[in-house]
Structures are given as C-alpha cells and as structure tokens.
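Participant: I am attaching a structure below and will ask some questions about it afterwards.
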Amino acid sequence: MITKSIKKDFPILSRKVGKKQLVYLDNSATTQSPKVVIDSLTDFYTNHRANVHRGIHMLSEESTVMYEQSRKTIAHFFGVTPSEMVFVRNTTEASNLVAFTFLQTLKKGSTVMISEFEHHSNLIPWQIACKQLKLNFKTAPVNSEGELDLNFIKNSDFSFIAINHISNFLGNINPVHKIIEIAKEKKAYVYIDGAQAVARVPLNFKKLDCDFYSFSGHKIYGPFGIGGLYVKKQILESMPPFMTGGGMIVDVGIKKSSFLKDSEGYDAGTPNVGGSIALASALDYVTQVGIKEIAKHEHAVLTYMYESLLKVSGVEIYGTKKVSNRAGLVSFNLKGVHSHDLASILDGEGIAIRSGTHCVIPMHKKLNISSSARASLALYNFKEDVDVLIEGVKKSKKILGGYNV
C-alpha cells in the first residue's frame, strides 16, 4: 500500500508556490523525479562523466559499463532484450524514427491508419511520411467519449496502425490487445504510443506482441531528454538507419558504409549517457514501489477525483464515463471560464494543472471546444490533493464565473 510518506522521496513536493504548498497535478506532461534518480544523475556527472565506446581509460570504461547496464535494466523492465531497446530523446522522436525509416519498407499505396484523438507527435510524423512516401493515410473515428470504432478498424484495409495506449487528453484506455489481434489478422504492423501508459500500467512488450512501443523517461519519474523505442528484432534488422555518424557503424569507406543492425545501430553520435542511467534508476524505483501497487493506488485517487469534479456544478468532463476504462487524468472545463484563466487561479492556490489543447487539436475541434483543463495523477498524489483542487475550482468559479457554489 502506498502511503503519504512516499512524498518525502520527491524533493520538489516540499516546496511552496508563493505561500501555498505545491499540489502537483500535471503528471501527464511530466512526472517529478525521486531523489534516487536525481542522485544517479549527480553521481554520473560528478564521478564518471566520459564518452562511451570511445576510450580505454578508466572513466570511459566505467561510463560504458553503466550505459550498457542501463539498457539492460530498461529492457528487462519491459520484458525484452537489450538489442530491441532503442534509446531516443522522447516519444516524439520515436514516432519520427519509425515514420521515416520503417515506413520506407512499405509498398507505395499501402495504408497507414491512426485514430482521431492522437497526440500531435503520433499524428504529424505519419502525415508527412505518407505524403513523401506516397502512402495512403486513414483515420479511425471515435465517438464523443473518445471510444474507438473497432468495427471500422476491423473492416478497413491497412498495413500499419499507430495508436495511443492511453489518451493524453481523454484518459481513455484503448483496447490495444484487440487492435493488435485485428492487425495481425491483416498482417499489418502496430505502433503503440505508450507515453501515458508507461507509468500507469504493467507492461510486457513481448506478451503484448506489438511491433513498436514508445515511451518518454520524463513520464515515468525519469529525466528529460531520454526515452525508449521497442522494436521487434526481426523488424529492427530490416529497417534503414535514422541518423548516421559515429557509433552506429560496422565499417566506413569513402563511398560506402555498413551499419549495426540492432539497437546500437540507432546510437549515432554521443548518446545521453547520464539520462539513460537515470532512467534505469527511475525504473528500479518503480519496481521497488511496485507497478501494480501504483496502478491500484492511482485508480483509487482517479475515481475520487472524477466523482468529486462531477459534483461541481458547471464542470463538463471529457472522455469515457466508464471510470474503470480511464487512467490517470481528467480533462474538463468550467462553464463560462477559459481553461487558462482557471489554471491561473489554481496556480495562485499552489495547484499545478495543464490547460490548452494538450497537443490534441483535432479532438478538441471534434468536441467543439477551444481548450480544456487537465488534472493528472502520479503515485505521490492522494485524495487530499484532490480536495485542494476541488476547492480551487470552486474558488475560480466564484471569481471568474459568478455562479453559486
């Protein structure tokens, strides 16, 4: 059972915003890092900083060992081999990597499918790549609650589908197992954007049987600028390079070069060594707490937050009404109040939420709203944080909306 004492693991949670205690509810954008993760970064830059795979001096050898061990730790966390775990800066880079390498292997005229409620980073790369590679681009519709039309997917022809595991705007958990099953029947490939799922649900990429799965380290208590892309080994070996240069080569000639075929084939240039080590530390921390315990705890707080917001008159919540099929976040609007104004008032109360379109403009257009507020949870949030949020929303309503509470 996760208790409030866990907040002590996260130094930033002790700070104040003005005279108010920080209540951090912007975890879908970025989770905070525990001290052990921060210490791992400090230790690397203080005691071991050197380039990897480049030297035989002690610091370089230490750095190399730590870097390669981090890849093993991260791969093990997700049930895959290190040769299948590609380091990227974030989920956005992962989408671009697959769009501009793997899609080259598809025949012209093949169809790429996404859904209507994808984050821009799981939309724009496919738009551009399809145009450049002369591939067809198809969108799977969703209803007003963000539920996918599985019949449309089942009855459509496509060679590749890119879908989020959990919507960063609506919080809906997509039926990725069913989507993968449908895709396999069509001999199509599946890319999962796991940015919102990675810290919220237990994951084993092998058992999931997707072809690609991406995530960002800063979404799972790790540092900025590091993430992972799982690629099935047989697919990785057939993909062309993404970025080229030192570190990912087998041999180099003046007119021709050859490249590594496993995950190291995507390590062009000096990698984010410190970031990878800190990401591994973050996953060790999650393992210690227990991902199943985190999921259980977060869902209990989510249910309380969803039900509490529903009780505030004038609040409209987006996404599925089935809380059992929702994870980690609630996006909403307060009638007559712009989401930025609401977020500003809440900031004055020490409450950090997100406001805007959350990089999901098409779905906001579909719902005919210009923006929304989003409160999102992590393992260090409790019902008391939700109570502060609710009081802040009511205060915002008095100040900005002129309604009785």
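Participant: Could you compute the net charge surrounding F87? Neighbours are other residues with a C-beta less than 15 Å from the C-beta of F87; K and R count +1, D and E count -1.
Facilitator: Taking every other residue near F87 into account, the sum is -3.
Participant: Across the chain, where is the longest run that never hits GluC sites (Glu not before Pro) in a DSSP loop with at most 16 other C-beta atoms within 10 Å?
Facilitator: Maximal segment without exposed cleavage sites: 238-405.
Participant: Taking the Cβ-Cβ separation of A50 and I128 as r and a Förster radius of 45 Å, what is the calculated FRET efficiency to the nearest 0.05?
Facilitator: Here the calculated transfer efficiency is 0.75.
Participant: Among the listed pairs K365/K398; K261/K322; K219/K398; K134/K255; K72/K107, which have their C-alpha atoms separated by more than 32 angstrom in this model?
Facilitator: Distance filter (> 32 Å) returns K261/K322; K219/K398; K72/K107.
Participant: Rank-order 161-171, 36-46, 50-60 by packing density, defined as the average count of other C-beta atoms within 10 Å over each peptide's residues, highest first.
Facilitator: Averaged packing, sorted descending, gives the order 161-171, 36-46, 50-60.
Participant: A further question follows. Post the alpha-carbon centroid distance, segment 105-144 to segment 351-376, in whole angstrom.
Facilitator: Here the two parts' Cα centres lie 22 Å apart.
Participant: Let me ask something else. If I stretch the segment between T81 and F100 completely, what's the gain in nm (0.36 nm per residue apart, minus their alpha carbon distance), one decimal?
Facilitator: 4.5 nm
Participant: I've got another one for you. How much net charge surrounds I114 when only other residues with a Cβ under 10 Å from its Cβ are counted (Lys, Arg +1; Asp, Glu -1)?
Facilitator: With Lys, Arg at +1 and Asp, Glu at -1, the net is -2.
Participant: How far is helix 91-101 tilted off the main Cα axis of the chain, in degrees rounded to 10, range 0 to 90?
Facilitator: Roughly 40 degrees, rounded to the nearest 10.
Participant: Another one. Assigning unit charges at the beta carbon (Lys, Arg +1; Asp, Glu -1) and nothing else, what dipole magnitude in debye, to the nearest 20, does segment 37-288 show about its Cα centre?
Facilitator: That gives a dipole near 780 debye.
Participant: In terms of the Cα gyration tensor, with a ≥ b ≥ c the square roots of its eigenvalues, is segment 240-385 rounded because a/c is under 1.5, prolate because a/b exceeds b/c, or oblate?
Facilitator: Note, shape of segment 240-385 comes out prolate.
Participant: Another question, if that's okay. Given the options N51, T92, T73, identify the residue whose Cα lies farthest towards the positive end of the charge dipole of segment 29-117 (+1 on Cβ of Lys, Arg; -1 on Cβ of Asp, Glu).
Facilitator: Most positive-ward Cα: T92.
Participant: Hey, another quick one. Just in segment 241-334: which trypsin sites (Lys or Arg not before Pro) are loop by DSSP and have at most 11 other Cβ atoms within 10 Å?
Facilitator: Counting only loop positions with at most 11 other Cβ atoms within 10 Å, the trypsin sites (Lys or Arg not before Pro) in segment 241-334 are K255, K256, K311, K321, K322.
Participant: What is the spread of the Cα atoms of the chain along each of their three principal axes, largest first, in whole Å?
Facilitator: Taking the Cα atoms of the chain, the three principal extents are 75, 55, 34 Å.
Participant: A further question follows. Net charge near F205, counting Lys/Arg +1 and Asp/Glu -1 over other residues with Cβ under 13 Å of its Cβ?
Facilitator: Taking every other residue near F205 into account, the sum is +1.
Here, each number is a calculation from the coordinates, and none is a lab measurement. Small disclaimer: the values here were computed from a predicted structure and weren't measured. No Cβ is skipped: glycine too gets one built from the backbone with ideal geometry, and neighbour counts run over all protein chains shown.
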